[in-house]
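Have a look at the structure below, then the notes.
The values are calculated or read from the model by the stated rules, or taken from the named source; none is laboratory data. Just so you know, these numbers come straight off a predicted model, no measurement behind them. Note that each Cβ is placed from the backbone with ideal geometry, even for glycine, and that neighbours are counted across all protein chains shown.
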Amino acid sequence: MSKPLVLVINAGSSSLKYELLEPDSGDVTARGLVERIGEPVSVITHEQGGAETVEELHLPDHRAAIDKMLAIFAAQGTDLAESNLCAVGHRVVHGGRELYRPTLVDQHLIDEVQRVSPLAPLHNPPNLVGIEAARAALPDVPGVAVFDTGFFHDLPDAAALYAIDREVSEQYALRRYGFHGTSHDYVSHRAAEFLGRDYDTTNQIVAHLGNGASMSAIKQGRPVDTTMGLTPLEGLVMGTRSGDIDPGLLLHLHRVVGLSVDEIDELLNKRSGLKGLCGENDFRTVTEMIAAGDADAKTAYDIYIHRLRRYFGAYLVELGHTDIISFTAGVGENAAGVRADSLAGLEGLGIEIDAERNAVRSGEPRIISTDASAITVLVVPTNEELEIARQAKAVVVG
Ligand code: AMP
């Protein structure tokens, strides 16, 4: 009997990412991306057996996207309904206070994800559409929801609560939930394993720097702080999101500038961060602009690094003693300059980057600090799909 497979689904507002993999070995059978769902021309890109299929067609909704995905699998000789598929693992961004462990999809789960949707209005509704579509297309395969907020569920109150009227925050569940939990979970465990350290006696900082970006501090195996808050808008400078701002700025934008709540939402989520500062959100483009002498791109980079350093400082102090710092995600894994600049000049704090090691490109975990560095600095490629697959399988078959 072949080993169990998990289909991991990450449904965005107009996109659907999927991966079929074996959670035990991490072997990936296929992966793909459907983009522009609901637009006149959608695009599906499917990789399987070393070949890539790209097809353009109209896919009106996520159900149509999932049906098309199944048809492509079938055309490649993989009948998902007949394969050894033990679960469909769904990335769900916000679980609120009640949902944080990986959970079997049933009507209660769907109702609860729906109930907390106001906390993640851009993410939870499409996640739910993905769950419903997969349920309809593969009715005999159990679905498991894995929450982006789950890893940070037990943050200490000192880190999780906002200093606002407690009655208001309790009534509306306003607290710092944290996101990218699957990545912080995977990377911190992989880092400890890579260095042969016991997770529960290791203090770590993880910098997940992708289009979205967040940092976490993990003390003796327990997350004690993270940069994202009630929503994925707080914290680091991101591709299109502002990260931290003075909350008074929101009031000013409304009262004085006259922006509506929706306009402020759009400004902070879509027209801020690197994009707002220099017109581009892709880090590679920003780097090229800096090389070409673009002053706005340089300022955007400086703000990005400044924010990162501020949080490194905060987390080094919170942890008191730090064993490992890991960089991950698109920017963290690839931009050696960001790694070097965000930890430059910290020899006094026990951090010494080795320029040669930092310049190495690889898809494997690697050390980029010197042997003399008291804190070991790593690059650890993240793998959220594998983590979701493992957690989903654990729920279904133990
Ligand atoms: P992610 O959200 O993890 O997919 O990361 C996306 C971000 O990683 C984008 O800003 C990309 O520009 C950035 N990225 C990907 N590859 C590189 C690279 N080789 N150098 C710098 N940034 C990169």
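Below is a table of values for the structure above.
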quantity: Count - residues of segment 293-318 that are touching a Cys at 6+ places or on another chain (Cβ under 8 Å), within 16 Å of the ligand (Cβ to nearest atom) and without any contact (Cβ under 8 Å) to a residue 24 or more places away in the chain; calculated: 2
quantity: Total residues in segment 370-398, condition under 30 Å from Ala340 (Cβ atoms) and either assigned to a helix (DSSP H, G or I) or not charged (D, E, K, R) (or both); calculated: 17
quantity: Among the candidates Ser188, Ser214, Ser169, residue that is under 26 Å from Val116 (Cβ atoms), without any contact (Cβ under 8 Å) to a residue 60 or more places away in the chain, away from the ligand (no atom under 16 Å from the Cβ) and not charged (D, E, K, R); calculated: Ser169
quantity: Some residue of segment 339-350 being of a type in the set (A, V, I, L, M, F, W, C), outside any helix (DSSP H, G or I) and within 12 Å of the ligand (Cβ to nearest atom); calculated: no
quantity: In segment 268-292, the residues that are part of a helix (DSSP H, G or I), surrounded by fewer than 17 Cβ atoms within 10 Å (Cβ to Cβ) and away from the ligand (no atom under 13 Å from the Cβ); calculated: Lys270
quantity: Identity of the residue in segment 163-203, surrounded by 20 or more Cβ atoms within 10 Å (Cβ to Cβ), of a type in the set (Gly, Ala, Ser) and out of contact with any helix residue (DSSP H, G or I) (no Cβ under 7 Å at 6 or more places or on another chain), that ends up farthest from Pro365 (Cα to Cα); calculated: Ser188
quantity: All positions within segment 206-230 that are surrounded by fewer than 24 Cβ atoms within 10 Å (Cβ to Cβ) and part of a loop (DSSP other than H, G, I, E, B); calculated: Gly210, Asn211, Gly212, Gln220, Gly221, Gly229, Leu230
quantity: Qualifying residue in segment 172-181 (condition: touching a strand residue (DSSP E or B) at 6+ places or on another chain (Cβ under 6 Å) and assigned to a helix (DSSP H, G or I)); calculated: no
quantity: Filter pass, Ile388 being touching a helix residue (DSSP H, G or I) at 6+ places or on another chain (Cβ under 9 Å) and within 16 Å of the ligand (Cβ to nearest atom); calculated: yes
quantity: Residue among His321, His252 that alone is at pLDDT 95 or above, over 24 Å from the mean Cα position of the chain (by Cα), away from the ligand (no atom under 16 Å from the Cβ) and not in a helix (DSSP H, G or I); calculated: His321
quantity: Flag if Ala329 is within 16 Å of the ligand (Cβ to nearest atom) and either at positive phi or in contact with a Pro (Cβ under 7 Å, 6 or more places away or on another chain) (or both); calculated: yes
quantity: One residue from Phe194, Phe179 being under 23 Å from Ile305 (Cα atoms) and in contact with a Pro (Cβ under 7 Å, 6 or more places away or on another chain); calculated: Phe179
quantity: Any hit, segment 29-36, residues being more than 30 Å from Leu174 (Cβ to Cβ), exposed (fewer than 14 other Cβ atoms within 10 Å of the Cβ) and more than 19 Å from the chain's Cα centre (by Cα); calculated: no
quantity: Residue match in segment 55-64 (condition: in a helix (DSSP H, G or I), in contact with a strand residue (DSSP E or B) (Cβ under 9 Å, 6 or more places away or on another chain) and in contact (Cβ under 8 Å) with a residue 60 or more places away in the chain); calculated: yes
quantity: Positions within segment 221-253 being closer than 19 Å to Ala120 by Cβ and of a type in the set (Lys, Arg), in sequence order; calculated: Arg241
